[in-house]
Amino acid sequence: MTDLVFLTKVNPDKSLSYVILNKPAKDLYGLTNESFGKPIQEVLPKNAYHIVRSKYEEAMENKKPIKYEDMVTVSHLPQSSNKEVIYWESTITPVFNQDGECTHLLAIVRNLTEQREKENEIQRIKDRLELVWNSVADAMFTFDKNQNIVSVNRSFEKLLGWTAEDLIKDKSIIFVPEGEKEDLSKIIERVKNGETVTNHEVKRITKSGGIIYFLGSFSPLYNQNGDWDGGVVAYKDITERKKYEDMLKQLALHDPLTGLPNRTYFSQCLKIEMDKAKCSKTLLSVFVLDIDHFKNINDTYGHDIGDEVLKEFVERVKSALRKNDIMARIGGDEFVILVPDLKEKTNVIEIAERIKQCLSSVWQVGMTRLQITSSIGIAFYDYPFNLDDKVLFKNADLALYEVKVEGRNNYKIYEDIETG
């Protein structure tokens, strides 16, 4: 037997002595046949004796087998610093005679060292993983094959506000925006098929109702049989980066003084709306306008007053537009307006008249009182929809030129120039 076997006699004076030991038992403490019959305290190391004695007494007192585990440190050579830790599982069975007296104790001791070392190593790995899990800055969580949350790390709790307990108890908690659920379902299908999805930009809802932008990584998890058993997700917070990117887009596509779209952004919108108009066969119009004698304002009152006039001009004109109209600044005091979804051409006259009206009252810019007017050129994109955006701009510019020739502070439609 590889297990250690000790048969111990209970002497009349209650002392204990070994009767039989198998070879592994002898080898453990370096015992020989001469050890038989001697009190075990004389043949065992002191620390081992105290453990053995107490367990033997417990078995005799309980009158039934007991099982326990202990750890022993042994040295194979005297005075050696190389010590080995051995884990044991011992089963002690008391043997009674017909008078009910315990005469012998049978101890079978199994070496659990290899098993315990594996368990200890697994525990060390788990401890390290838990340390990493709760130390990383990324929000992480695991889910099972039914897509239920199993665990979340501390960064998840800190960033999104929910604990694992919250999410496990209340399955109705949703931190995925409605518009991203379909995208998430597609990702989960890829993960089910064993794919790891990395660097996927997502938005998630916090417990307080805020939105955080993340760069998500989704990886599959498997059970001991190799079957898909869920996944692990890591979210890297990129909210600040998104804000920076949005700021750069704002700077790239908007005028910094007025906050209006610039020429590039307007051109993108115009092309999109022209395609829509062509498909739906609806009218679209472009206004090109500027501030009459704006150079004189800059030269007379300075650029600070000029800048305030530009900002006030934008606010007044925007108040005359419809909700879906788009106004942009294309340079200096030059502006354009995209007027989509027109029911009839006369609608633009109503808009142009409103613009004239909103500019007509006296302007108070700081300590300066001004009278501001604007010239407006208007062009249509309509059937047979054979113009490109450049020609449409040019037509509106030509109409604007005609307004200036005729004395400013008015509007003109390009078609009227052609027919005139």
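The values are calculated or read from the model by the stated rules, or taken from the named source; none is laboratory data. Given the structure is predicted, the values throughout are model-derived calculations rather than measurements. Positions of Cβ are generated from backbone atoms using ideal geometry, with glycine treated the same way; all protein chains shown enter the neighbour counts. All accessible areas refer to the heavy atoms of the entire protein, side chains included, with ligands and DNA or RNA removed. Shrake-Rupley method; radii C 1.70, N 1.55, O 1.52, S 1.80 Å.
Observations, loosely collected:
- Counting Lys and Arg as +1 and Asp and Glu as -1 over every other residue whose Cβ lies under 15 Å from the Cβ of V43, the net charge comes to +2.
- Given their separation in residues at 0.36 nm each and the Cα-Cα distance between them, N146 and K236 gain 30.0 nm when the chain is fully extended.
- Mean-position separation - Cα centroids, the range 377-420 and the range 166-205, in angstrom: 51 Å
- Largest to smallest accessible area among T282, T206 [probe 1.4 Å]: T282, T206
- Under Stokes-Einstein, with the Kirkwood radius over Cα pairs as Rh, the value for the range 66-210 at 4 °C and 1.567 mPa s is 62 µm²/s.
- Ignoring the sites themselves, the chain has its longest run without GluC sites (Glu not before Pro) in a DSSP loop having at most 13 other Cβ atoms within 10 Å at 196-343.
- Solvent-accessible surface (1.4 angstrom probe) belonging to R408, in square angstrom, nearest 10: 80 Å²
- Percent accessible area from carbon and sulfur atoms, the range 120-273, protein chains only, probe 1.4 Å: 52 percent
- Cβ charges +1 (Lys, Arg) and -1 (Asp, Glu), total dipole of the range 261-376, debye: 540 debye
- Largest to smallest accessible area among H200, H293 [probe 1.4 Å]: H293, H200
- Three-way shape call for the range 109-157 based on the alpha-carbon gyration tensor, with the a/c threshold at 1.5: oblate
- Only Cα pairs under 8 Å and 6+ residues apart enter the sum, and on that basis the relative contact order of the chain stands at 9 percent.
- Spin-label pair D229-K192: with each label point 7 Å from Cα along the Cα-Cβ axis, the two points sit 1.9 nm from one another.
- The chain, accessible area per residue, ligands and nucleic acids excluded (1.4 Å, Å²): 58 Å²
- DSSP beta bridges fully contained in the chain are about 95 percent antiparallel.
- Surface share of carbon and sulfur [accessible, 1.4 angstrom probe, percent] for the range 288-416: 48 percent
- Option label - Rg and Dmax of the Cα atoms in Å computed here, alternatives (i) 25.1, 80; (ii) 43.9, 136; (iii) 23.1, 76: (ii)
- Estimated at the nearest 10 Å², the accessible area of M140 is 40 Å² with a 1.4 Å probe.
- MRE, 222 nm, helices only [DSSP H, n ≥ 4, -39500 (n - 2.57), over the chain, to nearest 500]: -13000 deg cm²/dmol
- Cross-link pairs beyond the 29 Å C-alpha cut-off, checked among K118/K171; K145/K243; K243/K276; K186/K207: K118/K171; K145/K243; K243/K276
- The magnitude of the dipole of the chain, with charges of +1 and -1 set on the Cβ of Lys/Arg and Asp/Glu and taken from the Cα centre, is near 640 debye.
- For the range 196-295, a Kirkwood radius taken over Cα pairs fed into Stokes-Einstein (25 °C, viscosity 0.890 mPa s) yields D = 133 µm²/s.
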